[in-house]
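J.: There's a structure below that I have some questions on.
The values are calculated or read from the model by the stated rules, or taken from the named source; none is laboratory data. Not measured: the values here are computed from a predicted model. Quick reminder, even Gly has a Cβ in these numbers, built from the backbone with ideal geometry, and neighbours come from all protein chains shown.
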């Protein structure tokens with residue numbers, strides 16, 4: 001952390017004494033140092049001014065600290081709720097789940113953030129079809145002890161044409177048409193295979209192409225038809241997650257079962273994916289409690305019958321207001337009618353009576369705003385009345401407010417209409433212009449503050465014209481709860497009330513608003529580990545953090561680029577070993593992902609190239625005299641040699657010193673004497689020096705091609 005200089009480290013008397021002591025050096029005629037002397041009065045005044053200035057400059061207000069942190073590109077973390085996965089089973093009928101349905105763990109509320117369908121189909125079995133599977137019997141035994149290769153063990157992509165790698169999931173009931181449903185895949189990774197996580201904003205090139213199909217009827221044709229994959233959070237079975245799908249036809253039974261299948265079209269997997277569980281009707285939830293929300297509807301989203309469907313929990317069970325676009329803002333209308341459909345999980349709003357007011361808008365323009373709130377919250381939506389005065393404040397006595405989801409509606413009188421505008425929450429007004437509709441919420445003082453017409457607007461005068469249009473709460477860090485704790489739902493839908501709710505994983509990611517002290521410490525950490533590609537260590541750290549990948553070896557080779565002239569360019573070669581197997585070249589997806597990641601940090605004039613390892617085989621032969629108790633069938637010496645070669649590959653391109661291997665073998669406790677040793681390398685660009693040391697390229701990797709020793713027992717020598 002950067003230590004700030006203490007500018008206020010002297011008392012007023014110290015400053016005054018310093019100036020009084022300088023007087024004899026400036027003027028020998030000034031001899032009266034009494035307080036009554038006018039000159040002394042001026043010295044005291046300037047001493048006091050200096051003391052006050054230093055005291056003021058030494059202050060470090062929270063707003064100033066936040067501003068300085070932003071200049072360093074460090075923004076304080078906002079609070080957010082933890083995320084978890086829920087499974088809903090024993091669903092008696094296909095059920096549409098409205099957005100922001102509330103799921104409970106004690107007094108804590110979690111909400112799903114997407115609209116989807118819970119299907120009443122259960123998985124009967126899964127059949128894996130690939131050359132490595134010995135049979136197709138009883139494959140669906142996901143009890144935590146069985147692990148299955150999704151597409152087989154082969155990662156070398158050397159199958160003959162026509163070999164299929166797929167698996168088929170069979171259900172006991174049809175899957176609904178044009179409804180988004182989820183299947184959760186639990187991916188098994190051993191402790192030594194830790195893949196870098198992929199964030200939502202990361203650009204990731206897939207390692208595989210997978211085709212999903214369903215058996216049924218589409219456009220009158222019966223057979224296998226492609227499924228629309230809405231999203232794949234497993235990234236083609238690299239991570240545990242959800243695959244969300246939609247079927248645009250009707251599923252038909254095959255041998256009494258309803259089937260979907262996944263076929264591997266192409267892959268560049270570093271390690272063959274394995275699964276240990278498959279669960280339908282799993283979705284993600286986030287720890288939020290919605291009390292009020294607004295959604296914007298474009299004109300093109302309104303149905304031909306002038307209705308709009310709102311598949312949201314608050315709209316369905318709460319109180320809803322409708323606003324129309326007008327004068328750049330929103331004007332409330334009381335004309336629309338509402339119809340609630342609990343089983344379909346939506347509220348339908350009929351806009352036919354107000355269509356003339358929005359029909360002239362462009363299709364892509366915002367036309368309607370729906371504001372919904374809890375029934376018991378409707379009297380709390382009005383916060384106060386605008387005064388038009390600068391720096392107006394209003395009380396806001398809510399706790400644990402989710403930073404990102406607090407918005408206000410404030411009205412202005414325009415052409416005789418009360419037009420509402422959305423106002424946005426900001427940390428401070430430093431970056432706000434005079435026409436920005438911003439406000440600051442102080443959680444400690446429980447007060448909302450508006451601008452001064454220079455930095456942020458002030459609300460226009462009005463009666464009860466300051467209202468809440470979005471408000472959610474979160475428990476932040478406390479929402480990181482263990483698995484199995486979310487167990488119930490708040491709804492009027494009987495199908496959901498009669499289902500079984502199960503939290504399949506612990507909730508993670510919840511956090512509180514970051515303190516200034518923590519953000520300052522984080523800033524110091526960022527500057528001690530600058531994220532820019534300049535040094536070899538920079539490149540290595542950045543490459544190893546590439547989203548979605550994991551590495552066996554990474555070596556940075558500055559001013560080295562095979563086949564190119566490096567004398568007139570800044571260049572860096574990145575040698576990557578991506579798999580422990582021998583002979584595999586670097587997949588194109590690996591190279592693209594590394595380059596996409598490194599390009600964000602490299603200097604613009606530096607040419608970067610990613611290359612595969614150069615594999616060097618070793619044929620090791622010789623004659624060894626061993627103790628009489630040594631058993632050749634145990635191959636203990638061979639194992640020690642393989643362990644030695646493996647240690648050589650910790651770093652790419654290491655020279656294999658003949659003496660090191662000779663000494664290692666000769667010092668083994670069951671070796672009496674190493675009579676002879678010969679090491680023959682196989683590969684490209686290899687050299688040997690007079691000491692029989694093997695010099696390999698800087699991206700070289702050793703592997704054992706063959707070990708063939710002639711063993712002689714020392715007891716046989718003594719007999720002879």
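J.: Can you confirm whether region 287-297 contains a residue that is within 22 Å of residue 182 (Cα to Cα) and either assigned by TED's automatic domain parsing to the domain that holds residue 345 or touching a residue at least 12 places away in the same chain (Cβ under 8 Å) (or both)?
T.: The answer is yes, given that some residue of region 287-297 is within 22 Å of residue 182 (Cα to Cα) and either assigned by TED's automatic domain parsing to the domain that holds residue 345 or touching a residue at least 12 places away in the same chain (Cβ under 8 Å) (or both).
J.: Restricting to region 606-641, name every residue that is outside any strand (DSSP E or B), within 13 Å of residue 709 (Cβ to Cβ) and touching a residue at least 60 places away in the same chain (Cβ under 8 Å).
T.: Residues satisfying the conditions are 630, 632, 637, 638, 641.
J.: Please pick out the residue among 56, 33, 77 that is more than 30 Å from residue 164 (Cα to Cα) and in a helix (DSSP H, G or I).
T.: Of 56, 33, 77, the one residue that is more than 30 Å from residue 164 (Cα to Cα) and in a helix (DSSP H, G or I) is 56.
J.: Please go through (1) crowded, with 18+ Cβ neighbours inside 10 Å; (2) assigned by TED's automatic domain parsing to the domain that holds residue 109 for residue 506 and return the number of the only condition it doesn't satisfy.
T.: (1)
J.: While we're on this one: Restricting to region 360-402, count the residues that are in contact (Cβ under 8 Å) with a residue 24 or more places away in the chain, farther than 15 Å from residue 294 by Cβ and part of a loop (DSSP other than H, G, I, E, B).
T.: The total comes to 18.
Listed here are the residues, each with its yes/no results for (1) closer than 18 Å to residue 702 by Cα; (2) crowded, with 17+ Cβ neighbours inside 10 Å.
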| position | (1), (2) |
| --- | --- |
| 554 | yes, yes |
| 569 | no, no |
| 581 | yes, no |
| 591 | no, yes |
| 605 | no, no |
| 613 | yes, yes |
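J.: Collect the residues in region 432-445 that are more than 29 Å from the chain's Cα centre (by Cα) and touching a residue at least 24 places away in the same chain (Cβ under 8 Å), keeping them in residue-number order.
T.: Those that are more than 29 Å from the chain's Cα centre (by Cα) and touching a residue at least 24 places away in the same chain (Cβ under 8 Å): 432, 437, 439.
J.: Here is a further query. For region 432-469, which positions are part of a strand (DSSP E or B) and either surrounded by fewer than 13 Cβ atoms within 10 Å (Cβ to Cβ) or outside the structural domain of residue 329 (by TED's automatic domain parsing) (or both)?
T.: 442
J.: Among what's in region 239-281 and is under 18 Å from residue 228 (Cα atoms) and under 21 Å from the mean Cα position of the chain (by Cα), pick the residue that is surrounded by the fewest Cβ atoms within 10 Å (Cβ to Cβ).
T.: 244
J.: Tell me the strands (runs of 3 or more DSSP E) entirely within region 163-250 that contain at least 1 residues that are out of contact with any strand residue (DSSP E or B) (no Cβ under 9 Å at 6 or more places or on another chain) and not assigned by TED's automatic domain parsing to the domain that holds residue 85.
T.: By residue number, 221-226.
J.: Of everything in region 510-548, what is assigned to a loop (DSSP other than H, G, I, E, B) and within 30 Å of residue 576 (Cβ to Cβ)? Give them in sequence order.
T.: Selection gives 529, 530, 531, 532, 534, 535, 545, 546, 547, 548.
J.: For residue 492, which of the numbered conditions (1) in a helix (DSSP H, G or I); (2) over 22 Å from the mean Cα position of the chain (by Cα) fails to hold?
T.: (1)
J.: Got a number for residues in region 126-151 being under 33 Å from the mean Cα position of the chain (by Cα), assigned to a loop (DSSP other than H, G, I, E, B) and modelled with pLDDT of 80 or more?
T.: Selection size over region 126-151: 5.
J.: Would you check if residue 539 is surrounded by 16 or more Cβ atoms within 10 Å (Cβ to Cβ) and either more than 26 Å from residue 83 (Cβ to Cβ) or touching a residue at least 60 places away in the same chain (Cβ under 8 Å) (or both)?
T.: Yes, satisfied.
J.: Can you pull out every residue in region 642-677 that is touching a residue at least 40 places away in the same chain (Cβ under 8 Å), loosely packed, with under 15 Cβ neighbours inside 10 Å and farther than 18 Å from residue 626 by Cβ?
T.: 650, 651, 655
J.: I'd like to know if region 485-499 contains one or more residues that are outside the structural domain of residue 271 (by TED's automatic domain parsing) and more than 30 Å from residue 344 (Cβ to Cβ).
T.: Checked region 485-499: no residue is outside the structural domain of residue 271 (by TED's automatic domain parsing) and more than 30 Å from residue 344 (Cβ to Cβ).
J.: Just the residues that are under 29 Å from the mean Cα position of the chain (by Cα), at pLDDT below 95, surrounded by 14 or more Cβ atoms within 10 Å (Cβ to Cβ) and part of a loop (DSSP other than H, G, I, E, B), please, taken from region 403-431.
T.: 426, 427, 428
J.: Continuing with this model, one more query. Go through (1) touching a strand residue (DSSP E or B) at 6+ places or on another chain (Cβ under 6 Å); (2) assigned by TED's automatic domain parsing to the domain that holds residue 132; (3) at pLDDT below 95 one by one and return the number of the condition residue 327 breaks.
T.: (2)
J.: Based on what the data block shows, is residue 515 loosely packed, with under 14 Cβ neighbours inside 10 Å and over 19 Å from the mean Cα position of the chain (by Cα)?
T.: In short, yes.
J.: Is it fair to say residue 101 is within 45 Å of the chain's Cα centre (by Cα) and either surrounded by fewer than 18 Cβ atoms within 10 Å (Cβ to Cβ) or modelled with pLDDT of 95 or more (or both)?
T.: Considered against the rule, which asks whether it is within 45 Å of the chain's Cα centre (by Cα) and either surrounded by fewer than 18 Cβ atoms within 10 Å (Cβ to Cβ) or modelled with pLDDT of 95 or more (or both), residue 101 comes out as yes.
J.: Could you tell me how many of the residues in region 593-603 are surrounded by 16 or more Cβ atoms within 10 Å (Cβ to Cβ), out of contact with any strand residue (DSSP E or B) (no Cβ under 7 Å at 6 or more places or on another chain) and within 18 Å of residue 534 (Cα to Cα)?
T.: 1
J.: Take residue 201 and tell me if it is farther than 28 Å from residue 111 by Cβ and either without any contact (Cβ under 8 Å) to a residue 60 or more places away in the chain or more than 29 Å from the chain's Cα centre (by Cα) (or both).
T.: no
J.: Something else now. Could you give me the residue pairs with C-beta distances under 7 Å whose first residue belongs to region 1-28 and is closer than 30 Å to residue 519 by Cβ, whose second residue is surrounded by 10 or more Cβ atoms within 10 Å (Cβ to Cβ) and at pLDDT 80 or above wherever it lies, and which are 6+ apart or on separate chains?
T.: The qualifying pairs are 1/520; 1/521.
J.: Would a scan of region 333-351 turn up a residue that is in contact with a helix residue (DSSP H, G or I) (Cβ under 6 Å, 6 or more places away or on another chain), part of a loop (DSSP other than H, G, I, E, B) and under 25 Å from residue 465 (Cβ atoms)?
T.: Yes, there is a match, as at least one residue in region 333-351 is in contact with a helix residue (DSSP H, G or I) (Cβ under 6 Å, 6 or more places away or on another chain), part of a loop (DSSP other than H, G, I, E, B) and under 25 Å from residue 465 (Cβ atoms).
J.: I've got another one for you. Can we say residue 524 is farther than 30 Å from residue 122 by Cα, surrounded by 13 or more Cβ atoms within 10 Å (Cβ to Cβ), in contact (Cβ under 8 Å) with a residue 12 or more places away in the chain and out of contact with any helix residue (DSSP H, G or I) (no Cβ under 9 Å at 6 or more places or on another chain)?
T.: Against the criterion (farther than 30 Å from residue 122 by Cα, surrounded by 13 or more Cβ atoms within 10 Å (Cβ to Cβ), in contact (Cβ under 8 Å) with a residue 12 or more places away in the chain and out of contact with any helix residue (DSSP H, G or I) (no Cβ under 9 Å at 6 or more places or on another chain)), residue 524 qualifies.
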